[in-house]
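Engineer: Handing you this structure, nothing more for now.
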Amino acid sequence: MSTATTHDEHHHGAPSGLMRWVKTTNHKDIGTLYLWFAFIMLLVGGAMAMVIRAELFQPGMQVVDPQFFNTMTTMHGLIMVFGAIMPAMVGFANWQIPMMIGAPDMALPRMNNWSFWILPFAGTMLVSTLFMEGGGPAFGWTFYAPLSTTFAPASTDFFIFAVHMLGFSSIMGAINIIATVLNMRAPGMTLMKMPLFVWTWFITAFLLIAVMPVLAGVVTMMLTDRNFGTSFFDAAGGGDPVLFQHVFWFFGHPEVYIMILPSFGIVSEIIPTFARKKLFGYSSMVYATASIAFLSFIVYAHHMFTTGMPVAGELYFMYATIMIAVPTAVKVFNWTATMWRGSMTFETPMLWAVGFVFLFTIGGFTGLMMGVAPTDMQYHDTYFIVAHFHYVLAAGALFAILGGVYYWIPKWTGNMYNERLGKIHFWWSAISINVLFFPQHFIGLAGMPRRIPDYSLQFADWNMISSLGGFAFGLAQIFFLFIVIKTIKGGEKASGQVWEGAEGLEWTVASPAPYHTFATAPEVK
Amino acid sequence: MFANTLRRALCSLWGALVLLGAGNAFAGYSDTINLVKGVTDISHKVYDLHMLVFWICVVVCVGVFAVLIYSIIYHRKSKGAKPATFHESTTVEIIWTTIPFLVLVVMAVPATTTLLALEDTRDADMSIQVTGYQWKWKYDYLDEDISFFSVLTTPREQIEGSEPKSENYLVEVDNPIVVPINKKIRFLITSNDVIHSWWVPALGWKQDAVPGFINDGWTELSEPGTYRGKCAELCGKDHGFMPIVLIAKTEEDYAAWVAEQKGAAEADAAAATQTWSMDDLIARGESVYNTNCAACHQANGAGIPGVFPAITGSAIATGDMAGHVDIVMNGKAGTAMQAFGAQLNDVDLAAVITFQRNALGNSAGDMVQPSDIAAAR
């Protein structure tokens, strides 16, 4: 008994004060930091989306000027991708992976601290470009050269540095996850017993390590083109602007799977819990995730069908791209089969997960349509594309993140969220996001290009409806902030098990999870 | 204005729902909710392929959603459902891996034939070079020695809302591209600055305009008509304001148009040999300025600080004439300032330079004649 007391004194709880957060090496603290950072960035990026939808509310230039509009579309994309979705996923990984595999912490806790604390500085630098002379980056989140090199404002160099720093952070986070998964699993936790969330993140981490250096490479080439007289992307100096797109999309296509694979993982945790039935086809889910990750490297040029690729290249990239529909369909079928003949209840996390399956499926089908090269000649760079990637990233990845927060927040805080408010948040978001993005399919097909601040009159009605949906969806996420704060402050106390049907090591510890869990490794049968 | 548009929007939302309910698949809305069917053989092929893939997606989607919804309704704990224990079946996995694969093969066949037809630019009857500029298009008729720029004509007042918007708001230009029907026309597409994308939906394709490289595309129209499109690749501030208007004419009308263009070119050449008064130059210069310069340097000459320099009070526009002529004609490397010597004729260059020096708050008091510009070339 006395040894146990001494032991407890050494394993004291969280230190207090600001320095707790600055110096922490605790995976739960760092997970919390990541999640709050992502939430703040979601609101900043969301505010920019509101500016975009306000300007597009009706034809004509009302709210902002065209240059600032381009800055908004650019910064909205960059902030949502690098500031909101990716850090949120790393936040989940930090909180959940050690608890799910029975590890005391991440394998490399000091590096973990550093990989988070780079983020606020990179994010601040990125946002600070808005206040520089000449304005922030205004060349789209895909920053195609030469618009982003020869023709870009001076602040672009700060953008480049910010992207480098975000890349460092992601690579370190990915190394940490791989090291943790490979070395820190509890005895008996074989790879094929790992929860699917751990599997999807494990695969995602390899994608990150493979492609973030490519992104760093492309922005470095931009940097030298801009400042040191090279001509990678300048035809006048023997370079090729399309080379930029090849390098960018070699990063960019795996990047979209970096955002969606952990979402698959979250949904694959939530659905079995609330269906009270094991995940259907666990091993095929693992193989499908790995197949999607592999295919992501060899299909990237489907973003470039209109750049003047040789027809043989177009055919290859078309065939390879539509192949991705197979493993993706397998995933949707498996989720459906998991729900089939289950004993389902629809608490808030389950609503988000089922919403994800429906809306991600729609986004997946439009993705298949765009993979068909000749029709993509029409769809490319229109609002049809905008609708597609918001169905997979906002109604997909963001829905999975929101579902994941509701699913695990009782474990994080020890308090149940308010079920009624959670359901209101879901239905409010699910309806408004469809009002927001579904009409964008129509205007895209009818001929409205993306990234334009003003449009001809035939697109007016649907744009107005879309904007109304946008404002409602934005407001719903402020409501979410209220729900989260209310849950942290108090609420019905959660049991360790939390959900009747939940299985896995994280549910064997108390709620809130103690500051240190699994100091002694559990035995997994 | 606002209330009206809102009412129209709500009406159309309601209209769409009612039509859906009636099973009348968006009749009357088909031009604003579905892919443009277009007017060429290729655009029809693309449209048919789009509809084929769309219906395949709809069928699969309805199937999956039906199972999901059935399950959501009947397999609930509150309905007393007891969870089954099955959680894998290799047979099922193989079946639902193979079926999507076969469906993809079915789609890939027409997709391949359409793509090959779309990319086959051989045996064209005539060629037109299309060059993207920030923010306008230039058309060079390679067989006819005709060349002109095509710039948005929607007045600033309509964009800013002080005048009502006309029917062709943002899809109207000063000089449309004119083509004959029943000829296979090859477009050679390139750019002078950043990447643009030339897109007329009715033709069924778009093609990026990449600086330093030439892409191609083709069309063959069968009916005279006016077809409108837009730049589809983000190309800077006025990306939304560089539309395309393509007019297809019968062969006789096209021949008449060609003759007219050549006559106009001769008249321009004659004007360049005259000596112009300062007032005439300033008057002409204002319209040249508004078409070519105002997008960056702004209509009042104030520019956009940090992005586009001001003309008003600038060292160049108030200083040495030779320096002013040089930067307008040759541009400034590494910036968005284009070499207008290649874009404008001698009269327009003389006019716009004189305008910049004696208007927009400047009063240099000197002027330059078209003949001086010719000498400077």
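Derivation of every value follows stated rules applied to the coordinates shown; laboratory data play no part. Values in this document were obtained by computation on a predicted structure and should not be read as measured data. When we count neighbours, we look across all protein chains shown, and the Cβ atoms used for this are built from the backbone with ideal geometry, even at glycine.
Engineer: Please work out whether region B:272-376 counts as rounded, prolate or oblate from its C-alpha gyration tensor, where a ≥ b ≥ c are the square roots of the eigenvalues and a/c under 1.5 means rounded, while otherwise a/b larger than b/c means prolate and anything else oblate?
Structural biologist: Working: a/c = 1.62, a/b = 1.32, b/c = 1.22.
Taking the square roots of the gyration eigenvalues as a ≥ b ≥ c, region B:272-376 is prolate.
Engineer: When the expected Rg is taken as 2.2 N^0.38 Å, what fraction or multiple of it is the alpha-carbon Rg of the protein assembly as shown? Before the final figure, lay out each step's value.
Structural biologist: Working: Rg = 29.7 Å, N = 902, 2.2 N^0.38 = 29.2 Å.
Working it through for the protein assembly as shown, the quotient is 1.02.
Engineer: Turning to a different aspect of this structure: Per-residue ellipticity at 222 nm for chain A, helices alone: DSSP H runs ≥ 4 residues times -39500 (n - 2.57), over residue total, nearest 500 deg cm²/dmol? Write out the running numbers ahead of the final one.
Structural biologist: Details: 18 runs with 345 residues, N = 525.
After summing the helix terms and dividing by the residues of chain A, the value is -22500 deg cm²/dmol.
Engineer: Further question: Find how much the distance from B:Tyr74 to B:Met51 grows on full extension, using 0.36 nm per residue of separation minus their present alpha carbon separation; answer in nm with one decimal. Before the final figure, lay out each step's value.
Structural biologist: Numbers: separation 23, 0.36 × 23 = 8.28 nm, distance 3.38 nm.
Additional length available on full extension: 4.9 nm.
Engineer: Highest GNM mean-square fluctuation, chain B, Cα pairs closer than 10 Å: which of B:Cys231, B:Cys61, B:Cys296?
Structural biologist: Among B:Cys231, B:Cys61, B:Cys296, the largest mean-square fluctuation in the Gaussian network model of chain B belongs to B:Cys61.
Engineer: Could you calculate the FRET efficiency of A:Ala154 with B:Ser89 from 1/(1 + (r/R0)^6), where r is the beta carbon distance between them and R0 is 51 Å, rounded to 0.05? Please report the intermediate quantities before stating the final value.
Structural biologist: Working: r = 60 Å, r/R0 = 1.18.
Computed FRET efficiency for A:Ala154 and B:Ser89 comes out at 0.25.
Engineer: Right, here's the next one. For chain B, modelled as a Gaussian network with Cα springs under 10 Å, which listed residue fluctuates most, B:Val328, B:Val105, B:Val210?
Structural biologist: Maximum fluctuation in the GNM of chain B, among the listed residues, is at B:Val105.
Engineer: Which is farthest toward the positive dipole end of chain A among A:Ser296, A:Met172, A:Gly342, measuring Cα position about the Cα centre, with Cβ charges +1 (Lys, Arg) and -1 (Asp, Glu)?
Structural biologist: A:Gly342
Engineer: Now, a different point. According to the Cα gyration tensor, what semi-axes, each the square root of 5 times an eigenvalue, does the equivalent ellipsoid of region A:25-508 have, listed from largest to smallest in whole Å?
Structural biologist: Values: eigenvalues 237, 128, 109 Å².
Values for region A:25-508, descending: 34, 25, 23 Å.
Engineer: Can you give the FRET efficiency for A:Thr220 and A:Phe131, using 1/(1 + (r/R0)^6), R0 = 30 Å, r = Cβ-Cβ distance, to the nearest 0.05?
Structural biologist: Numbers: r = 25 Å, r/R0 = 0.84.
Between A:Thr220 and A:Phe131 the formula returns 0.75.
Engineer: Okay, next question. Distance cut-off 32 Å, Cα to Cα: go down the list B:Lys165/B:Lys262; B:Lys136/B:Lys184; B:Lys165/B:Lys249; B:Lys45/B:Lys138; A:Lys331/B:Lys37; B:Lys138/B:Lys165 and report the pairs above it. Mind showing how you got there, number by number?
Structural biologist: On the way: B:Lys165/B:Lys262 34 Å; B:Lys136/B:Lys184 25 Å; B:Lys165/B:Lys249 28 Å; B:Lys45/B:Lys138 29 Å; A:Lys331/B:Lys37 34 Å; B:Lys138/B:Lys165 26 Å.
With Cα atoms farther than 32 Å apart: B:Lys165/B:Lys262; A:Lys331/B:Lys37.
Engineer: About the Cα centre of region B:126-268, how large is the charge dipole given +1 on each Lys and Arg Cβ and -1 on each Asp and Glu Cβ? Please answer in debye to the nearest 20. Mind showing how you got there, number by number?
Structural biologist: On the way: 13 positive and 23 negative charges, 98 e Å.
So the dipole magnitude of region B:126-268 works out to roughly 460 debye.
Engineer: Can I ask one more? Given Cβ point charges of +1 (Lys, Arg) and -1 (Asp, Glu) and nothing else, what value in debye, to the nearest 20, does the dipole of chain A about its Cα centre take?
Structural biologist: Numbers: 22 positive and 25 negative charges, 259 e Å.
Dipole magnitude for chain A comes out near 1240 debye.
Engineer: OK, next. Rank B:Pro176, B:Pro164, B:Pro110 by mean-square fluctuation in a GNM of chain B with C-alpha springs under 10 angstrom and give only the top-ranked residue.
Structural biologist: Checking each option, the largest mean-square fluctuation is seen for B:Pro164.
Engineer: Give me the number: length gained by fully extending A:Ala47 to A:Leu182, i.e. 0.36 nm times residue separation minus the C-alpha to C-alpha distance, one decimal in nm. Show your work: numbers first, answer last.
Structural biologist: Values: separation 135, 0.36 × 135 = 48.60 nm, distance 3.98 nm.
Extra length from A:Ala47 to A:Leu182 when fully extended: 44.6 nm.
Engineer: Need the list of aspartates and glutamates near A:Lys23 for cross-linking: C-alpha distance under 19 angstrom, and skip anything on the same chain fewer than eight residues off.
Structural biologist: Cross-link targets: A:Asp105.
Engineer: Right, something else. Run the reach check for A:Lys277 against aspartates and glutamates, Cα to Cα strictly under 13 Å, same-chain hits fewer than 8 apart removed. What comes back?
Structural biologist: Counting by Cα, and skipping residues close in sequence, A:Lys277 has these aspartates and glutamates nearby: A:Glu269, A:Glu500, A:Glu503, B:Glu88.
Engineer: Based on other C-beta atoms within 10 Å, arrange B:Val62, B:Val46 from fewest to most.
Structural biologist: Working: B:Val62 10, B:Val46 30.
Fewest to most other Cβ atoms nearby, the residues stand as B:Val62, B:Val46.
Engineer: To make sure I understand the rule: partners must be lysines, Cα under 21 Å from the Cα of A:Lys489, and not fewer than 8 residues away in the same chain. Which ones qualify?
Structural biologist: Cross-link targets: A:Lys28, A:Lys411, A:Lys423.
Engineer: Continuing with the same structure: With unit charges on the beta carbons (Lys and Arg positive, Asp and Glu negative) and the dipole taken about the Cα centre of region B:272-376, which residue among B:Ser363, B:Ala374, B:Asn330 sits farthest to the positive side?
Structural biologist: My answer, from the dipole projection, is B:Asn330.
Engineer: Among DSSP bridges having both ends in the protein assembly as shown, what percentage is antiparallel? Round to the nearest 5. Could the numbers behind the result be given before it?
Structural biologist: Numbers: 32 of 45 bridges.
Once the DSSP bridges in the protein assembly as shown are tallied, antiparallel ones form about 70 percent.
Engineer: Moving to a separate point now. Cut-off is 10 Å between beta-carbons; in what order do B:Asp372, A:Asp381 appear when sorted fewest neighbours first?
Structural biologist: On the way: B:Asp372 16, A:Asp381 23.
Final ranking by Cβ density, sparse to dense: B:Asp372, A:Asp381.
Engineer: Just to be sure I understand the model, the point goes 7 Å from the Cα along the line to the Cβ. What's the resulting B:Gln274 to B:Ile33 distance in nm?
Structural biologist: Result: 5.7 nm between the two label points.
Engineer: Right, another one. Given the DSSP H assignment, sum -39500 (n - 2.57) over each helix run of at least 4 residues in chain B and divide by its residue total; what's the result at 222 nm in deg cm²/dmol, nearest 500?
Structural biologist: Details: 12 runs with 166 residues, N = 377.
Here the helix-only value at 222 nm equals -14000 deg cm²/dmol.
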